[in-house]
Each structure stands twice: as structure tokens, then as C-alpha cells.
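*Asks:* Pasting in a structure now, in C-alpha cells, and then I'll have a few things to ask.
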Amino acid sequence: MAIINQATKELQVKIVYYGPAMGGKTTNLVKVHENVQTAQEKGKLVSLATSLPFSVAIKGFKTKFQLYTVPGQVIYNTTRQLVLRGVDGIVFVADSQYEKMQENVESFSNLEDNLRTLKLNLADIPYVVQYNKRDLPNVAPVEYMEFLLNNRDVQVPSFSATANKCEGVFETLNMITRMLLHKFINESGRRPA
């Protein structure tokens, strides 16, 4: 859950990158870490599979983003649940290769199951979908992936990406951060003074 400190004008937000093993979650974080301007506060990439903190100033608030990845392997499901605790936004990173479609669907279903275990509902959490590895030869059409992973009453923003080339990485991150900031601005506007 985001932490808003009015006294220090600080907002702390947790974004979790979720998806199948070897889909590109960690690669996204590595590319963000490599390319975030040093003029902004950039934390150390604690572990390639754990978290990346960075911050920016927005409308007088210092906004700290904590980016996390979950382990892709199913045997680490308890760790996935721990990483999801207190989540504010989610980036679901799907592997675009045809042979990975079943794993994508299973991972997305696992995300929903783990959120339910934590008494959370995906529909209440801002999230986006990234279709990664678009540079490989055997990729499914985006329309097919949309049907499998974004076929809901309200579709979420989705992005094509080649994370290892840093293509689509910041477009995805920018959208989830904009969605989160919009949510918190709206929520803080409704709170009684």
C-alpha cells in the first residue's frame, strides 16, 4: 500500500513485475537501472531478482518508486506472495514466443490466485501488460496475446517490448507510474481535510 507523508511531501509506491520464468521481468529492472538519470535519486539494484528503488519529484511531492520482480518458477510461490504484499501497481511481463503462451496464462492465473490469498482483487489494482521478446522469430501476434491475457470487460494498457534492447521498457514503466499517480491524486482529493 502506498505511503503518503504530507509532512515530508513524500509518496512511496511499490510496483511488482510479475510473469513466467525467463520472460524478461528482471531484464526490465536492469534496463531501468542502467538508464535512470543520475540527477534523480537512484538506489542500488539490490539484487537482480529483488528490487530497484528510484525517486522523482512530482507536483511538490518526492515520489519514491520501489520496483520488484517475483521469481518466475512455480516452486517459489510463497516468495511471490510475500513480494505482492503491499503492492500498488503491477506490470505483467509476458513472453511473446508461441511456446510460452501456456506459461503466460498459468502465470497470470497464479497472479490472480496469489492476490486473492492476500485478500486483494486484480481489478482494484492498477496494472499493465507487457508483451516482451518481440524481436524473436516465433512470436505470437499481439492480438492473440491480447485475447489470452487482456480479454476483460475493461482492458488495461499493453505494450510490445524487447526489454534486452530497452524497447518498450520505459513506455511500460511510464504508464504504470502515471496510472498510480492518477489514482493517488484522485484518492487524496476525496479525503476529508
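*Asks:* Would you calculate the volume per residue, in Å³, of the smallest convex hull containing every Cα atom of the stretch 65-185?
*Replies:* 109
*Asks:* For Cα pairs less than 8 Å apart in space and 6+ apart in sequence, what is the mean separation divided by the residue count of the stretch 98-193, i.e. the relative contact order in percent?
*Replies:* Contact order relative to length: 28 percent.
*Asks:* Out of the trypsin sites (Lys or Arg not before Pro) in the stretch 90-149, which ones are loop residues according to DSSP with at most 14 other C-beta atoms within 10 Å?
*Replies:* Those that pass, being in a loop and sparsely packed, are K119.
*Asks:* While we're on this one: Take the residue pairs K9/K31; K31/K100; K119/K165 and return only those whose Cα atoms are more than 25 Å apart.
*Replies:* Beyond 25 Å between Cα atoms: K9/K31; K119/K165.
*Asks:* Expected output is a single nm value to one decimal: the length gained when fully extending between A123 and D135, i.e. 0.36 nm times separation in residues minus the C-alpha distance. What is it?
*Replies:* Result: 1.3 nm gained on full extension.
*Asks:* Aspartates and glutamates near K183 by alpha-carbon distance under 14 Å, same-chain residues fewer than 8 away left out - which ones?
*Replies:* Here the aspartates and glutamates satisfying the reach criterion relative to K183 are D88, D124.
Every number in this text was worked out from the coordinates using simple rules, so none of it is lab data. Predicted model, so just to flag it, every value in this text is computed and none were measured. So basically every Cβ, Gly included, is an ideal-geometry build from the backbone, and we count neighbours across all protein chains shown.
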